[in-house]
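Remarks on the structure that follows.
Read-outs: derived from the displayed coordinates by stated rules, not from any lab. Because the structure is a prediction, the values reported are computed rather than measured. Every residue, glycine as well, gets a Cβ built from its backbone with ideal geometry; the counts of neighbours run over all protein chains shown.
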Amino acid sequence: MTKIKKYLSKSDKFRNIISPEYANYLQQKDRKRKWKKKVKQKVIDTLPLRLAQKFNTYDFSKFPEKKIHSIFMYGKTGTGKTVACAYYYVEFVKQLYLQQSAFVKTYNFVVYSKLMEDLQRDFATSSTIMKEYMECDLLVIDEFGVKKLTEYVYDRIYLIINERYLSMLPTIINSNDNLEEILNKFDDRIVRRIEEDYELIEKK
Ligand SMILES: Nc1ncnc2c1ncn2[C@@H]1O[C@H](COP(=O)(O)OP(=O)(O)OP(=O)(O)O)[C@@H](O)[C@H]1O
Ligand SMILES: [Mg+2]
């Protein structure tokens, strides 16, 4: 940014004499710069360690910069589901940050086995852990799978998905199982919600 622009964007006195659109443009530009220089890496560091360490080596050039909504991504192993979810996770926080609300928001990238552990350890529906999963602004569940799913955990996960659906909070799930496989193993509650509200993406 040139010196004069920097001055204009910082000074209240001069902000009053430039148009709101231009002030907004400068502010936005400044936040984009801060995001790239300082904030992005902090967000990446909240991902599971392996992903965080490799994040900057991935190629995201073909990924859209669109508003994040609920997604159910399925496909065979090694097709890039986890990496894609990490991208959406960071992109979500970026969008919030550029709207200036990132620091009052919460986001959670959880690997399914960890989620299961949390849910099995935890019996009260109103507990902090359940609340965290039900109420965070973005929840990513990596490697959702029906194989080791017990009825109890299924109910808990349904509860999380349903609460988030009712509150219109985005949830991104990836799985080796497609919806038919989930449907065959359990009742149709989770599948119904997903079909109603999520974008389905098959990774190939
Ligand atoms: N956008 C990308 N840029 C560069 N490399 C990638 C990208 N996406 C995936 N890869 C590579 O492919 C590998 C597999 O990707 P990923 O772990 O996301 O697959 P997955 O579908 O989650 O697999 P699994 O079902 O086994 O969990 C990664 O370790 C990474 O090296
Ligand atoms: Mg994976």
Extension gain (nm, one decimal) between Thr150 and Lys37, 0.36 nm per residue minus Cα-Cα: 36.3 nm
Pairwise FRET efficiency - Glu21 versus Asn176, Cβ, R0 = 41 Å, nearest 0.05: 0.30
Kirkwood-type radius of the chain, with distances r between different C-alpha atoms, in Å: 18.8 Å
Distance between modelled label sites at Tyr158 and Tyr58, nm, 7 Å Cα→Cβ extension: 3.1 nm
Loop sites in region 39-70: trypsin sites (Lys or Arg not before Pro), DSSP, at most 13 other Cβ within 10 Å: Lys62, Lys66, Lys67
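In this model, which of Lys38/Lys62; Lys131/Lys185; Lys66/Lys147; Lys67/Lys105 are farther than 22 Å apart at the alpha-carbon?
Table pairs above 22 Å Cα-Cα are Lys38/Lys62; Lys131/Lys185; Lys66/Lys147.
For Thr171, Thr106, Thr57, what's the fewest-to-most ordering of other Cβ within 10 Å of each Cβ?
So the residues, fewest neighbours to most, are Thr57, Thr106, Thr171.
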Relative contact order %, the chain, counting alpha carbon pairs below 8 Å whose residues are six or more apart: 27 percent
